[in-house]
1. So residue 230 fits all but one of (1) on the phi < 0 side of the Ramachandran plot; (2) part of a loop (DSSP other than H, G, I, E, B); what number is the exception?
2. Please work out which residue is farthest from residue 412 (Cα to Cα), limiting yourself to the range 448-492 and to residues that are part of a strand (DSSP E or B), modelled with pLDDT under 85 and touching a strand residue (DSSP E or B) at 6+ places or on another chain (Cβ under 7 Å).
3. For the range 79-107, how many residues are exposed (fewer than 11 other Cβ atoms within 10 Å of the Cβ) and either touching a helix residue (DSSP H, G or I) at 6+ places or on another chain (Cβ under 8 Å) or closer than 27 Å to residue 30 by Cβ (or both)?
4. Working carefully through the options 298, 256, find the one that is in a helix (DSSP H, G or I) and closer than 22 Å to residue 430 by Cβ.
5. Go through (1) without any contact (Cβ under 8 Å) to a residue 60 or more places away in the chain; (2) closer than 22 Å to residue 22 by Cα one by one and return the number of the condition residue 93 breaks.
6. Going through 167, 69 one at a time, which residue ends up being touching a helix residue (DSSP H, G or I) at 6+ places or on another chain (Cβ under 7 Å), farther than 30 Å from residue 224 by Cβ and touching a residue at least 12 places away in the same chain (Cβ under 8 Å)?
7. For residue 429, indicate whether it is buried (at least 21 other Cβ atoms within 10 Å of the Cβ) and within 18 Å of residue 379 (Cβ to Cβ).
8. Does residue 225 fit the bill of being over 30 Å from residue 175 (Cβ atoms), surrounded by 15 or more Cβ atoms within 10 Å (Cβ to Cβ) and at pLDDT 80 or above?
């Protein structure tokens, strides 16, 4: 019967040192066409396990002074798939429960007969064969799955390697997981393997390290990484749940160069237009001195004057924006933001009164000083307050506040205007851009917020907007405070 199920005449290892019991098992197994090997002590057992590779092991509980049960446990720890039978000289429920929990295939109790021995062995071998088939099948499936995953990872790595954009992936502890060739080339890194190294030990670019340190708290979706050789990259931060973060970089140096050429052109044209516009305005103002002018002519003259003044204001804004972007910030000094805000409120008091706008201010007892260009800081607050007053409806509210966060001064101005559509918000600080929901009668050149952003950038600060349609807008400006060593000056 055993030969039918085990055509290779399976080898059975007997770990029995009692001669009579051993002889009984040998006769029963040989009658069932099994090959038999005997281990009379621990050393011969180890040799047999290593050299013979038995298909099944039968152990006596009396082996080597009653250590058979412990031997079953140690043997199954080493070979968990090896079928083991225990011959127990006396049976008990506790012993049976103990050995079954160990993983023993079955227990044999006296009195024994060859048929019972052969049946128990065959049953254990068939069970082991089924387990082996299942294990091989599962291993095959797992191996195929692993091969597929390895292939996918290799494809993904190939894709990353051929990206024209730089990709840097870090874990939650800011250790590098991947730096693709485009990123290595951008930073001049020759080493290929940075896995496990802390990012600040590999990269020294302060713009990059600043983006990583801010992480998800960074309000800006797009950031710029500048290099000493004038290269500029646009960088985008993305959090990867359960892994860490990814930073992608696109080279926008050529876009910056085009923008600079455009700015230079606009600045040159704007400068050249000022003189003829001034002449037009001067001659128009002299018209009534050379002869009588009727009412309709006066209306036309007034319209010409108004149009020329609007164009002149636009040109002045363009030239001012060009000066700021070119780095001509003028004389820098300590600036009181509180005094600059009061100056802006005084300038717009007439419009505030006419529209019956309620202005609320939330100021700390001492507003810290900043270091910058006083004229530009006043211009920044004028533009933001003017924007809020312009778009706040009659009877609305404008709220302004200062707060301190570490070494930074935070200014917020909130209006109750129509709000800015979500699609417009990423572009609101661009030149000549106006939101799609601006009322037709509300005038503007679309340069005010561009000037504000340039001033903030020139003072090493940050600006962003939070807005919802129908609920108004909040502009947030963050500027660094004056510091002496590690002490922040808070006297104003």
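1. Failed condition: (1).
2. So, considering only residues that are part of a strand (DSSP E or B), modelled with pLDDT under 85 and touching a strand residue (DSSP E or B) at 6+ places or on another chain (Cβ under 7 Å), the one farthest from residue 412 (Cα to Cα) is 488.
3. Count: 2.
4. From the options 298, 256, the qualifying one is 256.
5. (2)
6. 69
7. In short, no.
8. On the way: over 30 Å from residue 175 (Cβ atoms): no; surrounded by 15 or more Cβ atoms within 10 Å (Cβ to Cβ): yes; at pLDDT 80 or above: yes.
Judged against the criteria, residue 225 is not a match.
The values are calculated or read from the model by the stated rules, or taken from the named source; none is laboratory data. Predicted, not measured: the structure shown is a model, and the values here were computed from it. For neighbour counting, all protein chains shown are included, and Cβ atoms are generated from backbone atoms with ideal geometry for every residue, glycine included.
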